[in-house]
Amino acid sequence: MKREYQDAGGSGGGGSSSADMGSCKDKVMAGAAGEEEDVDELLAALGYKVRSSDMADVAQKLEQLEMAMGMGGVSAPGAADDGFVSHLATDTVHYNPSDLSSWVESMLSELNAPLPPIPPAPPAARHASTSSTVTGGGGSGYFELPAAADSSSSTYALRPISLPVVATADPSAADSARDSKRMRTGGGSTSSSSSSSSSLGGGASRGSVVEAAPPATQGNAAANAPAVPVVVVDTQEAGIRLVHALLACAEAVQQENFAAAEALVKQIPTLAASQGGAMRKVAAYFGEALARRVYRFRPADSTLLDAAFADLLHAHFYESCPYLKFAHFTANQAILEAFAGCRRVHVVDFGIKQGMQWPALLQALALRPGGPPSFRLTGVGPPQPDETDALQQVGWKLAQFAHTIRVDFQYRGLVAATLADLEPFMLQPEGEADANEEPEVIAVNSVFELHRLLAQPGALEKVLGTVHAVRPRIVTVVEQEANHNSGSFLDRFTESLHYYSTMFDSLEGGSSGQAELSPPAAGGGGGGGTDQVMSEVYLGRQICNVVACEGAERTERHETLGQWRNRLGRAGFEPVHLGSNAYKQASTLLALFAGGDGYRVEEKEGCLTLGWHTRPLIATSAWRVAAA
């Protein structure tokens, strides 16, 4: 390596002899005796004159030089050292040791020129749905999974934790911040276009990772803070891997390979965090349900509390989307047509809840030509946790409404933990009917209730037998149009994943339509925000029951319209055609609902279905006792 020394003193002198190199150190030390006393003695002994007051500045520049030398081969890691040595072996000039600071600056100026662009420090955290860049470190996602869980412990629960921090990488802003950054690479390319792709088996990441720390300035307290790793993720690739991870985990559960299922379920939160909108929410609920099944976590028995909370979620679901409105409207239309010309009518509701279905029917009967009939309603509901008579409160509200529209109204509430507890005499009129009076016409209504009976062997057959014994004029049934009662866990999981993904998509579409049509609330958020969130919880509880539960605990045993047709046919019922009038009115109802462009009403073998785009989601059917 070529070394040249220039005289900084300006006085002429004889040239130094190459044979006298061994005594160079003694000459420099002897010449320094007459200089100022504040020169650092240790550096002076090595041939460098540096004032003690300049030590901090020189040390900082040396540190920058060290880091710049380390970054010299970033674009080609294997040839980093060779490229840097060959660069120094050219015509580099090392200046007088007394001007060490200037020499370091010259080295920095040569090394900084070929540096690649460096991503800036991560900005404030953003929501995962607005960026495809997510943090690779930190929390594991939506919920923590223990190494082992005792299924007998009632205190264990999945605890929500914060989502991974999201940051963007903008190469265009790198040059301005390059000199003030202290960079360390993991040996891979720093290109921001590289994507992370975790392996389904081990979760290894292909994405580049860059750790950035604050500038190494004196007195900066943030200099000791840990580096923040940033992983650039391809959201489309992560979405495919997310679905594959969910299905692979379900397959491992079916095969009872819980070690593989545990490894897969830990990847789901990270993959889900890169998604946005409905997919992220659906994956979160399915991931939680799989985790509950893998770790065999069952919550404490809270049946009574769940009944009260389910009614609350049911009310929010009614407000946020048209599914329950469609169910109530189509069932009421079938009942209204069956009651044509009748003077005494009786409706048995297998799930009265808040009674939201019946004001519309009462009003339609009040407007009927010839005056309204005498209307009796029997509402069935579960016991309440605080032992209050919630059914009676619903009856009082309906009675007040019937009084305002001048309809003769009677109400009776039946508390039953399950519909299988009902007996035929409970649904019959009280006392003996007058021989001169017109006989009472009965209608039985069930909205999302019959599928729960499939969890108890023989329960559905008993209830249908009870209904058959009271000889109703019509039976209206509304159920989910899906097969979530398959004996194969993987088939049930796959079907439910498609079904609830479509359901969540419809919630997102409906909420966006409402946001466009209605102004924000005074608080700054949309008016339907709470309804949508609670509706997602309503559907999430169904997902958890379908995936995580088995046996009598798995009550969300949805079946298709064809399966219900077979069951009701065997119980002695025959279908009643709902007619084109109900189809037209249901379509008109959807046109009034915000975001209704994506909803579709279809007529299928005399029944009506409501779906999102091409996927039917719920179905309404009507039945009567078959002729002997």
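Which ones in the range 396-430 are of a type in the set (F, W, Y) and surrounded by fewer than 14 Cβ atoms within 10 Å (Cβ to Cβ)?
Here is the first cut: in the range 396-430, the residues of a type in the set (F, W, Y) are 396, 401, 409, 411, 425.
Hits for the range 396-430 are W396, F425.
Mind listing just one residue for me: the one in the range 250-268 that is over 18 Å from F489 (Cα atoms) and touching a helix residue (DSSP H, G or I) at 6+ places or on another chain (Cβ under 8 Å) and, of those, least open to solvent (accessible area, probe 1.4 Å)?
Applying the first criterion (over 18 Å from F489 (Cα atoms)) to the range 250-268 yields 263, 266-268.
Next, only the ones that are touching a helix residue (DSSP H, G or I) at 6+ places or on another chain (Cβ under 8 Å) stay: 267-268.
Numbers: Q267: 22, I268: 2 Å².
Among them, the one singled out is I268.
Of all helices (runs of 4 or more DSSP H) completely enclosed by the range 269-366, which ones contain at least 1 residues that are surrounded by 20 or more Cβ atoms within 10 Å (Cβ to Cβ), of a type in the set (D, E, K, R) and not assigned by the TED database to the domain that holds T588? Walk me through it before giving the result.
Working: elements: 277-294, 303-320, 323-338, 358-366.
Qualifying helices (runs of 4 or more DSSP H): 277-294.
Residue by residue through the range 573-611, note down the ones that are in a strand (DSSP E or B) and either of a type in the set (A, V, I, L, M, F, W, C) or at pLDDT below 85 (or both). Step through it out loud before you land on a result.
First, pick out the residues of the range 573-611 that are in a strand (DSSP E or B): 573-576, 599-604, 607-611.
Once the filter is applied, which keeps residues that are in a strand (DSSP E or B) and either of a type in the set (A, V, I, L, M, F, W, C) or at pLDDT below 85 (or both), the range 573-611 yields F573, V576, V601, C607, L608, L610.
Table: residues versus (1) within 38 Å of the chain's Cα centre (by Cα); (2) assigned to a helix (DSSP H, G or I); (3) at pLDDT 90 or above.
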position	(1), (2), (3)
R376	no, no, yes
L398	no, yes, yes
A402	no, yes, yes
G413	no, no, yes
P429	no, no, no
A433	no, no, no
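Filter the range 538-572 down to the residues that are in a helix (DSSP H, G or I) and free of Cβ contacts under 8 Å to residues at least 60 places away in the same chain and list them by number.
Of everything in the range 538-572, those that are in a helix (DSSP H, G or I) and free of Cβ contacts under 8 Å to residues at least 60 places away in the same chain turn out to be Q542, N545, G562, R565, N566, G569, R570.
Being farther than 21 Å from T620 by Cα, crowded, with 16+ Cβ neighbours inside 10 Å and among the acidic types (D, E), is that true of even one residue in the range 532-553?
So far as the range 532-553 goes, yes, one or more of its residues are farther than 21 Å from T620 by Cα, crowded, with 16+ Cβ neighbours inside 10 Å and among the acidic types (D, E).
Condition test on P369, is it assigned to a loop (DSSP other than H, G, I, E, B), open to solvent by 20 Å² or more (accessible area, probe 1.4 Å) and without any contact (Cβ under 8 Å) to a residue 12 or more places away in the chain? Please lay out each step first, then the result.
Numbers: assigned to a loop (DSSP other than H, G, I, E, B): yes; open to solvent by 20 Å² or more (accessible area, probe 1.4 Å): yes; without any contact (Cβ under 8 Å) to a residue 12 or more places away in the chain: yes.
Considered against the rule, which asks whether it is assigned to a loop (DSSP other than H, G, I, E, B), open to solvent by 20 Å² or more (accessible area, probe 1.4 Å) and without any contact (Cβ under 8 Å) to a residue 12 or more places away in the chain, P369 comes out as yes.
Just the residues that are part of a strand (DSSP E or B) and either in contact with a strand residue (DSSP E or B) (Cβ under 7 Å, 6 or more places away or on another chain) or open to solvent by less than 30 Å² (accessible area, probe 1.4 Å) (or both), please, taken from the range 612-628. Working first, answer last.
First pass over the range 612-628, keeping only residues part of a strand (DSSP E or B): 612, 615-625.
W612, P616, L617, I618, A619, T620, S621, A622, W623, R624, V625, listed by residue number.
Could you list, in sequence order, all residues of the range 378-396 that are assigned to a strand (DSSP E or B) and under 16 Å from D311 (Cα atoms)? Don't jump to the end; show me each part of the working.
First pass over the range 378-396, keeping only residues assigned to a strand (DSSP E or B): 378-381.
Hits for the range 378-396 are G379, V380, G381.
The values are calculated or read from the model by the stated rules, or taken from the named source; none is laboratory data. Predicted model, so just to flag it, every value in this text is computed and none were measured. Methodologically, a virtual Cβ is constructed for each residue, glycine included, from the backbone with ideal geometry; neighbour enumeration extends over all protein chains shown. Heads up: the accessible areas ignore ligands, DNA and RNA and are worked out on the full protein's heavy atoms, side chains in. Shrake-Rupley method; radii C 1.70, N 1.55, O 1.52, S 1.80 Å.
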